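The values are calculated or read from the model by the stated rules, or taken from the named source; none is laboratory data. Remember, predicted model here, so these are calculated numbers, not experimental data. Don't worry about glycine lacking a Cβ; one is built from the backbone with ideal geometry, like all the others, and counts go over all protein chains shown.
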Amino acid sequence: MRTRLTDLAVRKLPFSKNGQVTYWDELTPNFGVRCSTRSKSYIVLLGERRRRKTLGRHPDLSLADARKQAKQLLAASALEGDALFSSQSTPVAFADAKARFLEDSQRRNKPRTFNDYKRLLDRHFNFSGDMQSVERKQIMKVISGLSATPSEQSHAFVAIRTMMNWCVRHGLIEYSVVPPMKQKTVERNRVLTDEELRHVYQRAQETQFPFGPIVQLLLLTGQRRTEVGQMRRSWITDNSVTFPEGFTKNKREHRFPLSPMAKAVMGALPDTGDLLFPAATNFEKPFTTYAWHKARFDEGLEDVGPYTLHDLRRTFATIHAKIGTPIHVTEKLLNHVSGTISGVAAVYNRHSYFEEMQAAMDEYDKYIDEVIS
């Protein structure tokens with residue numbers, strides 16, 4: 001029986017009173033839902049012999065994930081033949097499956113991605129027994145236990161889900177017991193409170209180079225993380241930093257003043273050549289591993305709600321509004337080109353506002369100093 005499978009349609013499919021009934025999808029060939037007296041399972045037919053493979057049960061496996069798995073298996077079957085999907089003669093141990101996944105990941109992914117997967121899986125997922133014995137409640141117990149570190153929790157969930165889906169595609173298990181990831185939408189208006197700001201800044205002071213000083217400069221300058229990460233000593237004078245054309249988001253030159261606190265942070269940095277924050281493996285390239293470092297950084301911030309590094313930039317702008325900095329001066333500090341001075345006004349107004357920015361940064365320093373004291 002053929003039908004257009006949607007989430008609503010699958011929910012409404014009746015259980016079979018006698019035997020099993022399969023409803024084939026009109027959108028994806030050889031993919032369907034098999035209804036028995038008590039369950040509904042997603043299936044796919046593979047190869048010339050139309051070998052049936054069960055992907056998982058509804059609603060444990062979503063329609064979107066089942067259809068995605070089916071397409072991947074159909075493509076792999078066409079390229080590699082039925083050998084890929086032959087049944088395992090003996091159950092595969094979880095540790096062995098993890099090792100095989102990581103070996104494949106190391107070949108296909110960037111080193112940073114592979115290292116993140118390896119760290120997360122080795123640190124959080126060390127189940128004994130074979131793959132067939134791993135249950136959803138085991139995995140979700142680990143994930144729930146990471147609720148105090150939302151970033152680590154999210155990355156761990158992605159890592160185990162990616163591994164389990166890989167195991168499905170390679171025939172090590174019939175279906176993944178990891179539920180679909182429900183992304184929590186974070187509103188783009190997050191501003192840290194003064195108390196949270198104090199915790200973050202003090203944590204940054206305690207955190208070693210390079211990430212601790214990077215967070216300090218993000219808070220003290222309001223610049224974007226990629227701009228701080230690629231900052232060079234040749235761009236710095238006694239009281240300012242000038243990003244050349246092409247090194248900012250809008251590709252325009254950007255000069256902004258340095259406050260006393262920002263200069264103190266820069267003055268304490270180790271000598272790493274021209275780049276203030278070079279990559280650990282190549283001093284000729286700028287720092288880029290923000291996600292990995294932030295996950296560790298946030299482990300010491302139990303009193304701070306989930307936040308992004310960009311939220312520090314938004315907090316910087318909000319504090320300037322609180323202390324009375326004119327909006328056009330704040331926009332100059334942030335290097336916004338579509339703000340209050342834009343269009344024709346920007347063409348005719350060539351004033352740099354550097355002195356006004358310097359005064360605003362001095363006042364900002366006073367505010368931050370009071371908060372963290």
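Just a few scattered comments:
- Within the stretch 133-157, the set of residues being in contact (Cβ under 8 Å) with a residue 24 or more places away in the chain and either surrounded by 14 or more Cβ atoms within 10 Å (Cβ to Cβ) or among the basic types (Lys, Arg) (or both) comprises 134, 136, 139, 140, 149, 150, 151, 152, 155, 156, 157.
- Residue identified as at positive phi, over 30 Å from the mean Cα position of the chain (by Cα), at pLDDT 85 or above and not hydroxyl-bearing (Ser, Thr, Tyr) among 343, 324: 324
- Selection within the stretch 228-240 - aliphatic (A, V, I, L, M) and surrounded by 17 or more Cβ atoms within 10 Å (Cβ to Cβ): 228, 231
- Taking the stretch 241-275 as the range and being in a helix (DSSP H, G or I) and surrounded by fewer than 20 Cβ atoms within 10 Å (Cβ to Cβ) as the test, the residues that pass are 260, 263, 264, 266, 267.
- The sole residue among 264, 279, 268 that is at pLDDT 90 or above, of a type in the set (A, V, I, L, M, F, W, C) and touching a strand residue (DSSP E or B) at 6+ places or on another chain (Cβ under 6 Å) is 279.
- So residue 249, is it of a type in the set (D, E, K, R), modelled with pLDDT under 90 and under 25 Å from residue 354 (Cα atoms): yes
- Residue in the stretch 45-52 that is of a type in the set (Asp, Glu) and loosely packed, with under 12 Cβ neighbours inside 10 Å present: yes
- Of the residues in the stretch 20-33, not one is farther than 15 Å from residue 69 by Cβ, in a strand (DSSP E or B), touching a Phe, Trp or Tyr at 6+ places or on another chain (Cβ under 6 Å) and not β-branched (Val, Ile, Thr).
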